[in-house]
Amino acid sequence: MQIRWIEDFLSLSEVGSFSRAAAARKTSQPSLSRHIQSLEEWLGVELIDRRAQGVVLSPAGRLFRNFAADMLRKTYEMRTVLRGQSAVGRDTVRFSVAHTLAFTYFPKWLKQLKTAFGPVGARVGAVDIQDGAAALIEGVTDLLLIYHHPQLPVLLDPSKFSHLVLGTDRILPLCAPDERGRALYKLPGEPEAPIPFLAYSPGTYLAHVVEMILLGAGKRCFFDRSFETHMAEALKAMVVAGHGLGWMPESCVEREIAEKRLVVAGDSQWRSPLEIRLYRAADCSNEFIDRLWAFLLTNHAGTSN
């Protein structure tokens with residue numbers, strides 16, 4: 001298998017046209033088509049549904065697309081490391097940030113931090129919470145920004161890892177409104193009309209939070225699980241488009257709620273608060289991290305340990 005085959009496949013899946021993908025990749029259409037066929041032969045599956053009109057990914061193609069994008073990103077990162085281009089400056093912080101927070105909370109927080117503290121170089125990795133915790137334990141990241149719920153704690157030894165509570169969020173059940181502005185779906189649903197459930201992938205932190213809410217509500221929900229993803233942004237797009245009901249952090253959907261493109265689909269028993277926590281290793285010997293942490297301890301209104 002060749003890297004360019006994967007690059008061609010991702011370009012094709014993005015633009016939905018062999019001719020446009022070939023132009024974007026600066027190659028001929030027959031050459032790009034051969035690369036896609038070679039990739040399919042190597043994988044042993046069809047990635048493109050050739051019975052459909054236009055470029056439509058097969059179920060295997062849709063599954064492979066996310067894996068391929070992640071693999072390609074990691075390959076590029078490793079090439080950078082091996083070429084010696086990844087040196088971290090003394091005033092650069094290696095952040096691991098939970099996927100949803102990387103898109104919502106982190107950019108605003110970092111801007112405020114720079115204004116108050118001064119220049120802060122940042123290398124940011126968007127991570128699953130467990131992967132971020134592992135990175136902190138292994139010393140490959142300096143600060144970890146994640147969600148926390150007391151019933152679903154991240155297992156970091158408090159004697160080795162300090163944290164600050166930077167703020168709070170809520171996870172809410174949401175769906176698109178009907179023509180009268182009311183929720184298209186209402187929890188817990190009905191046996192004869194199950195709610196299309198847009199879910200997080202099993203094993204992700206927000207999937208555990210949603211499961212905790214459902215178990216704690218004391219009522220049976222009637223769902224038709226029709227979609228799943230590990231990304232809250234992808235889930236939001238599906239909910240906004242009216243495909244069903246899903247749970248999302250409020251910070252992720254503030255604009256959509258204000259614009260009445262999303263409405264809350266259940267009362268307080270279907271919601272849960274979340275803390276936004278920043279962790280660091282207590283034995284970190286980086287002087288810049290020490291100064292930054294001391295500043296946060298002094299100037300932040302949140303709680304710490």
Rg/Rh for the chain: what does it come to with C-alpha atoms and Rh from Kirkwood?
1.01
Report the calculated FRET efficiency for residue 28 and residue 237 (r = Cβ-Cβ distance, R0 = 41 Å), to the nearest 0.05.
0.75
Given charges at Cβ of Lys, Arg, Asp, Glu: the range 207-305 dipole, positive-most of 299, 251, 218:
218
Percent of alpha-carbon pairs separated by more than 21 Å within the range 162-305
50 percent
Among 235, 17, 45, the residue whose Cα sits farthest towards the positive end of the charge dipole of the chain (+1 at Cβ of Lys and Arg, -1 at Cβ of Asp and Glu, taken about the Cα centre) is 17
Per residue value of the accessible surface for the chain (all protein chains in place, 1.4 Å probe), Å²
54 Å²
Ranked from highest to lowest mean number of other Cβ atoms within 10 Å per residue, what is the order of the peptides 185-195, 143-153, 237-247?
237-247, 143-153, 185-195
The chain - percent of accessible surface contributed by carbon and sulfur, probe 1.4 Å
52 percent
Taking a cut-off of 14 Å, what percent of all Cα-Cα pairs in the range 1-42 are separated by more than that?
33 percent
Would you work out the relative contact order for the range 1-68, in percent, from Cα pairs under 8 angstrom that are 6 or more residues apart?
31 percent
Span-like helix ranges in the chain, DSSP H, alpha carbon extent 20 angstrom or more, Kyte mean at least 1.6
none
Please give the contour-minus-distance gain from residue 288 to residue 224: 0.36 nm per residue of separation, less the Cα-Cα distance, rounded to one decimal in nm.
18.0 nm
Return a whole-number percent for the relative contact order of the range 42-186, with Cα pairs under 8 Å and 6 or more residues apart as the contact set.
18 percent
Below 8 Å between Cα atoms, with a sequence gap of 6+, how large is the relative contact order for the range 206-289 in percent?
30 percent
Taking residue 219 as the anchor, which aspartates and glutamates have their alpha carbon closer than 15 Å to its alpha carbon, excluding any fewer than eight residues away along the same chain?
190, 211, 267
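The values are calculated or read from the model by the stated rules, or taken from the named source; none is laboratory data. Computed from a prediction, not measured in an experiment: that's the story for all the values here. Cβ sites come from the backbone with ideal geometry, for glycine too, and all protein chains shown count toward neighbours. Just so you know, the surface numbers come from the protein's heavy atoms only, side chains and all, with ligands and any DNA or RNA stripped out. Shrake-Rupley method; radii C 1.70, N 1.55, O 1.52, S 1.80 Å.
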